[in-house]
Amino acid sequence: MIPHQDYKTEADRHDAMEQILRQHRHSPDALIEVLHFAQENYGYLPRELLGRLAEQLKLPPSLVYGVASFYHGFRLEPRGRHHCTVCTGTSCHIKGGTALLAELERRFGISCGETAPDGSFSLDSVRCLGVCDLAPLAVLDDDIISAETIDALADKVCQCLAEKSSTGKSP
Amino acid sequence: MTRDELRHKSRCARETRTAAGLRISVCLGSPCVATGAEAVLRALRESYGDRAIEVIGTGCMGPCSRGPLIRIEDRRGNRAAYYEKTTPATAMATVRAHLEGLNPDQGRLPADLPFLIRQQRVVLANSGICDPESLASSLENGGYAALLHAIEKMAPEEVCHEISASGLRGRGGAGYPTGTKWELVRAAKSRRRYVVANGDEGDPGAFMDRTLMESDPHRLLEGMAIAAYAVGATQGFIYVRGEYPLAARRLRQAINEATRAGLLGPHILESGFSFTIRLRIGAGAFVCGEETALMASIMGRRGQPVIRPPYPAQRGLWNQSTLINNVETFGCIAPIISKGADWFKSIGVPGSSGTKVFSISGDVATVGVMEVPLGTPLRELVAMSGGISNGNFKAAQTGGASGGCIPASHLDTPMDYESLTSLGSIMGSGGLIIMNDRRCMADMARFFMRFCQDESCGKCVPCRAGTEQAAQLLRRITSGDATEDDLVKLEELCHLMGDASLCGLGMAAPTPVLGTLRWFRDEYQAHLRAGGCPTGVCDREKHPCHV
């Protein structure tokens, strides 16, 4: 796989897609690989792109959309500039992960799976990241945030988000 | 790489190792990385990484909640000292003290810590010892010696026979005899054969496979190569859960390095045997842990299961015979080939031979990964992890969303396949969630049912509609709005789903409910009588929420 890069223009992104398709010899079996790559480049899977991929992989568009919408890991809508994922695996659940999600929903005024209207922030959940020793936990962009209590953890998430937003650092 | 080169490299690597004066290992498992292990490693490398002091990053050392962990060994053969919760500053101070011949107490784990010393590491023998990002480090610790032995000294059918004789059973959950599966694939009439490692560890609270893939990726590759040699396959796939980016990165690196060294690819170790491995990354679907769904996903389709038979051994990937084993199962192969089936069988209990890796989490003092002989009592596992935190033992959930629970009255249950089944639970993949007496079992059942509802692929009605209905009944129960009648309905629905669902997900989805009902029915009834939750857990969670 081509290492992740920040493609500046649509043309760059397009070229990268062409390259990955060639690498997989336009094989329909590689659909999930190609979707992973596309999501990495575009941040999500736009409808038009799915249509184009269907053409290039010689698959019905319904099948491509079916695969893209089946897996939780594929996003059909763009995320916010900063993204928070709350772990709701078993260990996190018993230690308050579910309550944390509700608390963050309350503080940011959006539901799990939604993006703030200004596009600054989005929130969702994941079923276990396999780092249960840190339970309960949330992941803000790429950073794992953990704390003893739900309130302290929600405070930490807000604080980290404020820091990231003020420095203008994008993930 | 030729056979002699492999032998030579293993030997040389061992000699350099003994030449180093002090060896500092920094755990680079995901949990330690998340708490800052990379900064510790960088600081130590910048100051020390010369000949006299070897500084390496390793895989998981075990007690994850005490990370970032480092281990210091000296060449006089003194016992290794582990230090917990290190920072760059404390790690540097500790190493300085060691260089002065001291043995500082600050942050040192007790030498007799049960979590560390009572394990018997077979699958994880090199985890926390070798550098997962270096083939040389794997070779130094005996990597690929079993593959060499198999190719050089054993016929493929002898390898199958050895695995059968070892009594190894699948570590992914069902416990099917591994050797039998291999022999079925070997005997199948098929133009080509495939070997697949199932690393889609989806059970919430399970992280054994992540640990092995991150800590000793070459062990998995070697096990798969031996399997391919035994069944006559030329192409392998590793399916890794999308939530495990570090495992995927290390596996990719390991595959590339092993291929460059000629340990994968054409004519492995000067033999007529060729085998390549490709990595497939999951995209977040629990059902893909089911083998037919997993194969669909490898072929780029929706991960929806199909009815078996035909089993993958008869018709799998691209309609060819396919061997699918769990990652941990492959982790057992090299030791069995190196040390023999009898040795493996001598570990564990009759019917459940060998060791099992458990990931223990929840209300215990130390969360982490431990490997013990099968048949070790649950009580011992709890004791090894330092006992219950904030209360008394109430129950342990085994087998994740497909498993049941073990109540305090059965704490002495030996952890083997049959004992757990007799209690209405399953071994599952090895995720073990310990709960103290402040946890609500009905809430637990609801949690797992909501999980299965989210993860149901939607293909068959008993699972798609059943999980939804069961989750609603459980919501009514936990919020105190249910009647005795609802409890009866819930039980009936559970039996129906178990009987009529298409695949393992739907069939096992009711297990957590039936398990908690079996041991904690009074708690359910208390919800009905009191119109609320006796532990207060469910009351706290009466908010609109998606979980």
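Looking only at region B:328-364, filter to residues that are free of Cβ contacts under 8 Å to residues at least 60 places away in the same chain and part of a loop (DSSP other than H, G, I, E, B); which one of those is nearest to B:Gly67 (Cα to Cα)?
B:Ser346
Just a yes or no: is a residue in region B:475-496 crowded, with 21+ Cβ neighbours inside 10 Å and within 14 Å of chain A (Cβ to nearest Cβ)? I'd like the intermediate steps shown before the answer.
At the first step, the residues of region B:475-496 found to be crowded, with 21+ Cβ neighbours inside 10 Å are B:477-478, B:482, B:490, B:494.
Next cut, within 14 Å of chain A (Cβ to nearest Cβ) only: B:478.
Within region B:475-496 (the criterion being crowded, with 21+ Cβ neighbours inside 10 Å and within 14 Å of chain A (Cβ to nearest Cβ)), the answer is yes, since at least one residue qualifies.
So, B:Ala401, is that one closer than 27 Å to B:Leu505 by Cβ and assigned to a helix (DSSP H, G or I) or not? Step through it out loud before you land on a result.
Working: closer than 27 Å to B:Leu505 by Cβ: yes; assigned to a helix (DSSP H, G or I): yes.
Yes: the conditions hold for B:Ala401.
When you go through (1) assigned to a helix (DSSP H, G or I); (2) modelled with pLDDT of 95 or more; (3) within 13 Å of chain B (Cβ to nearest Cβ) one by one for A:Arg52, which number turns out not to apply?
Evaluating A:Arg52 over (1) assigned to a helix (DSSP H, G or I); (2) modelled with pLDDT of 95 or more; (3) within 13 Å of chain B (Cβ to nearest Cβ) leaves (3) as the failure.
Does B:Ser338 satisfy the condition of being touching a strand residue (DSSP E or B) at 6+ places or on another chain (Cβ under 7 Å) and within 21 Å of B:Leu220 (Cα to Cα)? Lay out the reasoning, then the answer.
On the way: touching a strand residue (DSSP E or B) at 6+ places or on another chain (Cβ under 7 Å): no; within 21 Å of B:Leu220 (Cα to Cα): yes.
When the stated conditions are applied, B:Ser338 does not pass them.
Pick out the one residue from B:Gly67, B:Gly59 that is modelled with pLDDT under 95, buried (at least 24 other Cβ atoms within 10 Å of the Cβ) and touching a Ser or Thr at 6+ places or on another chain (Cβ under 9 Å). Outline the logic, then answer.
Working: B:Gly59 fails: modelled with pLDDT under 95.
Going through B:Gly67, B:Gly59 in turn, the sole match is B:Gly67.
Test B:Glu270 against the stated conditions and say whether it is over 20 Å from the mean Cα position of the chain (by Cα), in the same structural domain as B:Asn325 (by TED's automatic domain parsing) and not polar (S, T, N, Q).
Values: over 20 Å from the mean Cα position of the chain (by Cα): yes; in the same structural domain as B:Asn325 (by TED's automatic domain parsing): yes; not polar (S, T, N, Q): yes.
So B:Glu270 fits the description; yes.
Identify the residue in region B:365-374 that is farther than 20 Å from B:Tyr176 by Cα and part of a loop (DSSP other than H, G, I, E, B) and, among all such residues, is nearest to the other protein chains (Cβ to nearest Cβ).
B:Val367
Please enumerate the residues belonging to region B:117-145 that are touching a Leu at 6+ places or on another chain (Cβ under 7 Å) and within 20 Å of B:Ser30 (Cβ to Cβ).
Passing the criteria: B:Val123, B:Leu124, B:Ser127.
Out of curiosity, is A:Thr115 within 12 Å of chain B (Cβ to nearest Cβ) and touching a strand residue (DSSP E or B) at 6+ places or on another chain (Cβ under 6 Å)?
Details: within 12 Å of chain B (Cβ to nearest Cβ): no; touching a strand residue (DSSP E or B) at 6+ places or on another chain (Cβ under 6 Å): yes.
No; evaluated as a whole, the condition is false for this residue.
Can you tell me which residues in region B:262-286 are part of a loop (DSSP other than H, G, I, E, B) and closer than 30 Å to B:Ser402 by Cα?
Taking region B:262-286 first, the residues part of a loop (DSSP other than H, G, I, E, B) are B:262-264, B:266-267, B:271-274, B:282-285.
Within region B:262-286, B:Gly282, B:Ala283, B:Gly284, B:Ala285 meet the criteria.
Are there any pairs with C-beta distances below 9 angstrom linking a residue in region B:397-410 that is on the phi > 0 side of the Ramachandran plot to a residue that is at pLDDT 90 or above and of a type in the set (Phe, Trp, Tyr), with the two at least 6 apart or on different chains, and if so which?
Sorted first by the residue in region B:397-410, then by its partner, the pairs are B:Gly400/B:Phe448; B:Gly400/B:Phe451.
Criterion first (touching a Leu at 6+ places or on another chain (Cβ under 8 Å), modelled with pLDDT under 95, surrounded by fewer than 19 Cβ atoms within 10 Å (Cβ to Cβ) and of a type outside the set (A, V, I, L, M)) does B:Arg3 satisfy it?
Values: touching a Leu at 6+ places or on another chain (Cβ under 8 Å): yes; modelled with pLDDT under 95: yes; surrounded by fewer than 19 Cβ atoms within 10 Å (Cβ to Cβ): yes; of a type outside the set (A, V, I, L, M): yes.
Spelling it out, B:Arg3 is indeed touching a Leu at 6+ places or on another chain (Cβ under 8 Å), modelled with pLDDT under 95, surrounded by fewer than 19 Cβ atoms within 10 Å (Cβ to Cβ) and of a type outside the set (A, V, I, L, M).
Just to check your reading of the model, which residue among B:Asp499, B:Asp522 is under 21 Å from B:Gly400 (Cα atoms), surrounded by fewer than 21 Cβ atoms within 10 Å (Cβ to Cβ) and not assigned by TED's automatic domain parsing to the domain that holds B:Ser409?
Values: B:Asp522 fails: under 21 Å from B:Gly400 (Cα atoms).
Selected residue: B:Asp499, the only one of B:Asp499, B:Asp522 that is under 21 Å from B:Gly400 (Cα atoms), surrounded by fewer than 21 Cβ atoms within 10 Å (Cβ to Cβ) and not assigned by TED's automatic domain parsing to the domain that holds B:Ser409.
Looking only at region B:175-203, count how many residues are in contact with a strand residue (DSSP E or B) (Cβ under 7 Å, 6 or more places away or on another chain) and either among the acidic types (Asp, Glu) or without any contact (Cβ under 8 Å) to a residue 40 or more places away in the chain (or both).
4
Which one of these is of a type outside the set (Phe, Trp, Tyr) and farther than 20 Å from B:Leu505 by Cβ: B:Arg450, B:Arg439, B:Arg446? Reasoning before the result, please.
Working: B:Arg450 fails: farther than 20 Å from B:Leu505 by Cβ; B:Arg446 fails: farther than 20 Å from B:Leu505 by Cβ.
Being of a type outside the set (Phe, Trp, Tyr) and farther than 20 Å from B:Leu505 by Cβ holds for just one of B:Arg450, B:Arg439, B:Arg446, which is B:Arg439.
Quick one: is B:Glu140 surrounded by fewer than 18 Cβ atoms within 10 Å (Cβ to Cβ), over 19 Å from B:Asn325 (Cβ atoms), in contact with a helix residue (DSSP H, G or I) (Cβ under 9 Å, 6 or more places away or on another chain) and of a type outside the set (Gly, Ala, Ser)? Before the answer, list the steps.
Details: surrounded by fewer than 18 Cβ atoms within 10 Å (Cβ to Cβ): no; over 19 Å from B:Asn325 (Cβ atoms): yes; in contact with a helix residue (DSSP H, G or I) (Cβ under 9 Å, 6 or more places away or on another chain): yes; of a type outside the set (Gly, Ala, Ser): yes.
Spelling it out, it is not the case that B:Glu140 is surrounded by fewer than 18 Cβ atoms within 10 Å (Cβ to Cβ), over 19 Å from B:Asn325 (Cβ atoms), in contact with a helix residue (DSSP H, G or I) (Cβ under 9 Å, 6 or more places away or on another chain) and of a type outside the set (Gly, Ala, Ser).
For region B:492-502, does any single residue satisfy the condition of being part of a helix (DSSP H, G or I), farther than 24 Å from B:Asp203 by Cβ and at pLDDT 95 or above?
So far as region B:492-502 goes, yes, one or more of its residues are part of a helix (DSSP H, G or I), farther than 24 Å from B:Asp203 by Cβ and at pLDDT 95 or above.
Does B:Ala293 satisfy the criteria of being outside the structural domain of B:Ala187 (by TED's automatic domain parsing), modelled with pLDDT of 95 or more and aliphatic (A, V, I, L, M)? Step through it out loud before you land on a result.
Numbers: outside the structural domain of B:Ala187 (by TED's automatic domain parsing): no; modelled with pLDDT of 95 or more: yes; aliphatic (A, V, I, L, M): yes.
No, not satisfied.
It is to be established whether one or more residues within region A:141-153 are within 7 Å of chain B (Cβ to nearest Cβ), in contact with a strand residue (DSSP E or B) (Cβ under 9 Å, 6 or more places away or on another chain), of a type in the set (A, V, I, L, M) and without any contact (Cβ under 8 Å) to a residue 24 or more places away in the chain.
Just the residues of region A:141-153 that are within 7 Å of chain B (Cβ to nearest Cβ), to begin with: A:144.
Restricting the remaining residues to those that are in contact with a strand residue (DSSP E or B) (Cβ under 9 Å, 6 or more places away or on another chain) gives A:144.
Checking which are of a type in the set (A, V, I, L, M) leaves us with A:144.
Filter once more, keeping what is without any contact (Cβ under 8 Å) to a residue 24 or more places away in the chain: A:144.
Yes, because at least one residue in region A:141-153 is within 7 Å of chain B (Cβ to nearest Cβ), in contact with a strand residue (DSSP E or B) (Cβ under 9 Å, 6 or more places away or on another chain), of a type in the set (A, V, I, L, M) and without any contact (Cβ under 8 Å) to a residue 24 or more places away in the chain.
Could you tell me whether any residue of region B:200-215 is more than 14 Å from every other protein chain (Cβ to nearest Cβ) and among the hydroxyl-bearing types (Ser, Thr, Tyr)?
Keep residues of region B:200-215 that are more than 14 Å from every other protein chain (Cβ to nearest Cβ), which gives none.
No - not one qualifying residue is present in region B:200-215.
Restricting to helices (runs of 4 or more DSSP H) lying wholly in region B:78-174: which have 2 or more residues that are without any contact (Cβ under 8 Å) to a residue 24 or more places away in the chain and farther than 30 Å from B:Val364 by Cβ? Spell out how you get there, then give the answer.
On the way: elements: B:88-99, B:114-117, B:135-140, B:145-153, B:156-166.
Ranges flagged: B:88-99, B:156-166.
With respect to A:Gly109, determine if the residue is within 14 Å of chain B (Cβ to nearest Cβ), over 25 Å from B:Arg446 (Cβ atoms) and not hydrophobic (A, V, I, L, M, F, W, C). Break it down into steps so the answer makes sense when it comes.
Values: within 14 Å of chain B (Cβ to nearest Cβ): yes; over 25 Å from B:Arg446 (Cβ atoms): yes; not hydrophobic (A, V, I, L, M, F, W, C): yes.
Answer is yes for this residue.
So which residues in region B:305-327 are outside any strand (DSSP E or B) and in contact with a Leu (Cβ under 9 Å, 6 or more places away or on another chain)?
Residues of region B:305-327 that are outside any strand (DSSP E or B), as a first pass: B:305-320, B:327.
If the condition is that a residue be outside any strand (DSSP E or B) and in contact with a Leu (Cβ under 9 Å, 6 or more places away or on another chain), then B:Pro305, B:Val306, B:Ile307, B:Tyr311, B:Pro312, B:Ala313, B:Gln314, B:Gly316, B:Val327 are the ones that fit.
The rows are residues; the columns are (1) away from every other protein chain (no Cβ under 14 Å); (2) buried (at least 24 other Cβ atoms within 10 Å of the Cβ); (3) more than 15 Å from B:Ala227 (Cβ to Cβ); (4) of a type in the set (S, T, N, Q).
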{"residue": "B:Ser271", "(1), (2), (3), (4)": "yes, no, yes, yes"}
{"residue": "B:Met295", "(1), (2), (3), (4)": "no, yes, yes, no"}
{"residue": "B:Gly300", "(1), (2), (3), (4)": "no, no, yes, no"}
{"residue": "B:Asn319", "(1), (2), (3), (4)": "no, no, yes, yes"}
{"residue": "B:Lys345", "(1), (2), (3), (4)": "yes, no, yes, no"}
{"residue": "B:Gly351", "(1), (2), (3), (4)": "yes, no, yes, no"}
{"residue": "B:Lys356", "(1), (2), (3), (4)": "yes, yes, yes, no"}
{"residue": "B:Ser361", "(1), (2), (3), (4)": "no, yes, yes, yes"}
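Under the condition of being under 19 Å from the mean Cα position of the chain (by Cα) and farther than 19 Å from A:Val34 by Cβ, which residue from region B:273-293 is nearest to the other protein chains (Cβ to nearest Cβ)?
Top of the filtered list is B:Phe286.
So which of A:Phe74, A:Phe37 is at pLDDT 95 or above and not in a helix (DSSP H, G or I)? Steps first, answer last, please.
Values: A:Phe37 fails: not in a helix (DSSP H, G or I).
Answer to the check: A:Phe74.
The values are calculated or read from the model by the stated rules, or taken from the named source; none is laboratory data. What you are looking at is a predicted structure, and each value in this text was computed from that prediction instead of being measured. Every residue, glycine as well, gets a Cβ built from its backbone with ideal geometry; the counts of neighbours run over all protein chains shown.
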